[in-house]
Each structure stands twice: as structure tokens, then as C-alpha cells.
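Colleague: Quick one: the structure is below, and I'll ask about it shortly.
The values are calculated or read from the model by the stated rules, or taken from the named source; none is laboratory data. Owing to the predicted nature of the structure, the values given are computational and were not obtained by experimental measurement. Cβ sites come from the backbone with ideal geometry, for glycine too, and all protein chains shown count toward neighbours.
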Amino acid sequence: MAEFVSLIASDGHKFQAWAAAPMGKPRGGVVVIQEIFGVNSHIRDVTERYAHEGYLAIAPALFDRLHRGFEVGYAPDDIAKGRELVGRIDWDKAVLDVEAAHKAAAADGKVGIAGYCFGGSLAWLAACRLTFDAAVCYYGGQIARFAKEKPRCPVIMHFGRLDAGIPMTMVEEIRAAQPGVPIHLYDAGHGFACNQRASFDKTAYAEAWKHTTEFLARHIG
């Protein structure tokens, strides 16, 4: 079962989230953090994949503070629209929205977070500032900006060696700041885990998904 639900952040902001429940009792919760394209069909599908793994999965609509219901694809105009919005994002308020999603997912035990692109960076912030039990960061371009913050839970990261937007020098900067955080590298570009993008890499996706699900099983259940 999957549907849009309403959440309320601690500052009173009301926003939507896509929630997917597993068959039977959940193993725990997973908060799924969007790319710059909104909670679109891909992110909804990803959220449901986590539900299929046995988790109560929730994807908060983090652009609702700026543009309610924002959802686009991957054409050049869509990318421009997404970049314009993420350029105006208030990271502290986004963390409040993630916190509300955490509370919604916490009824079933431990909660992890998995973020992609913009969401990968926000998942890192959430790992450092909130009370998640595990965090997975896919190609977060702003992680280096916050790399010196201290995570409160186990974290793994995924990056593509061919990512033009996140050079390996940046990844090494993160590794130097966080030597205890495992960083998995793939011969792929940015967005390699999104099967709706030209950069999708089936092999890299499968390997990253294996690492992700095994990591969540260890730390969430």
C-alpha cells in the first residue's frame, strides 16, 4: 500500500510525503530523500522498493516550502527548474521536515535514511543532526560542504567515479574528514541509481542496492 500523507514539521509547516507500507509487520522505517526533481515517479518507486524490503518507507516532499507538489522529469528544462529550487532551499528547515518524516516512520522501531543527489547531502546532515539509526548517501554533491560535522549513526556513501559534478578530489576530501565512513565507488556517473535517467548504470545500481540493503539490515533490522 502506498499513498500521499500529510506531515507537520516542528515549526508548523504542513507538507506531503509519499508513504509505502510493507506486507506484514515492518522491520523498521526508512526515510527516502528526493533528488532535485521532487517526489516524482522515480522517488515514489524507490520508496516502494524499500517497502518491498520490509520497511515502512516515507519520502517527504522537501520542496513544498517553496513549490507545493513540485514534480518533474529529467529533461534539460526540468533540471533547470530543480536546480533553481534547490538553490533557494533552507537546509535547516529541510532538516525539520526530515525530522517530521522520521517521527512518522519511528512507530515501527529503528529508522534509517537514504538520500539521492540533493537527498544524499541532506541524508548526511540528518545523520549528523537528528537521531537516525543508519544513513545511506547516494552521490550527495553538498556533503563536502558539511563534511566536518559528526555523524550520530553509522553511515555509508555511494559515488560514481565518472560523476562530472562530484570529482574524486571532493570524494577524497570527504574521506579525509570522515575516515570511519565507508565510501563505495562505482564506474558510473551521477544519478547511476535512477532507472529513468540516461546515466542509469544497471551494474552499479545493483551493487549499491546490495550494499544498502545489507547495511540497513544490520542497523535497522
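Per-residue answers, yes or no, for (1) touching a Phe, Trp or Tyr at 6+ places or on another chain (Cβ under 7 Å); (2) farther than 30 Å from MET23 by Cβ; (3) of a type in the set (Lys, Arg):
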residue: ASP108; (1), (2), (3): no, no, no
residue: ALA127; (1), (2), (3): no, no, no
residue: LEU130; (1), (2), (3): no, no, no
residue: ARG145; (1), (2), (3): no, yes, yes
residue: GLU149; (1), (2), (3): no, yes, no
residue: GLU207; (1), (2), (3): yes, no, no
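Colleague: So, of the residues in the range 36-66 that are aromatic (Phe, Trp, Tyr) and without any contact (Cβ under 8 Å) to a residue 60 or more places away in the chain, which turns out to be surrounded by the most Cβ atoms within 10 Å (Cβ to Cβ)?
Modeller: Here the answer is PHE37.
Colleague: For the range 105-134, name all the residues that are of a type in the set (Asp, Glu) and at pLDDT 95 or above.
Modeller: ASP133
Colleague: If we keep just the residues of the range 169-192 that are aliphatic (A, V, I, L, M) and out of contact with any Asp or Glu (no Cβ under 8 Å at 6 or more places or on another chain), which is surrounded by the most Cβ atoms within 10 Å (Cβ to Cβ)?
Modeller: The selected residue is ILE174.
Colleague: Taking the range 101-119 on its own, how many of its residues are closer than 16 Å to THR213 by Cα and not in a strand (DSSP E or B)?
Modeller: 1
Colleague: Additional query: Being aliphatic (A, V, I, L, M) and either exposed (fewer than 15 other Cβ atoms within 10 Å of the Cβ) or in contact with a Ser or Thr (Cβ under 6 Å, 6 or more places away or on another chain) (or both) is true for just one of ILE113, ILE166, ILE156, ILE143. Which residue is that?
Modeller: Only one candidate qualifies: ILE143.
Colleague: Continuing with the same structure: Sort out which residues of the range 173-221 are in a helix (DSSP H, G or I), of a type in the set (Ser, Thr, Tyr) and without any contact (Cβ under 8 Å) to a residue 60 or more places away in the chain, and write them in order of number.
Modeller: Passing the criteria: THR203, TYR205.
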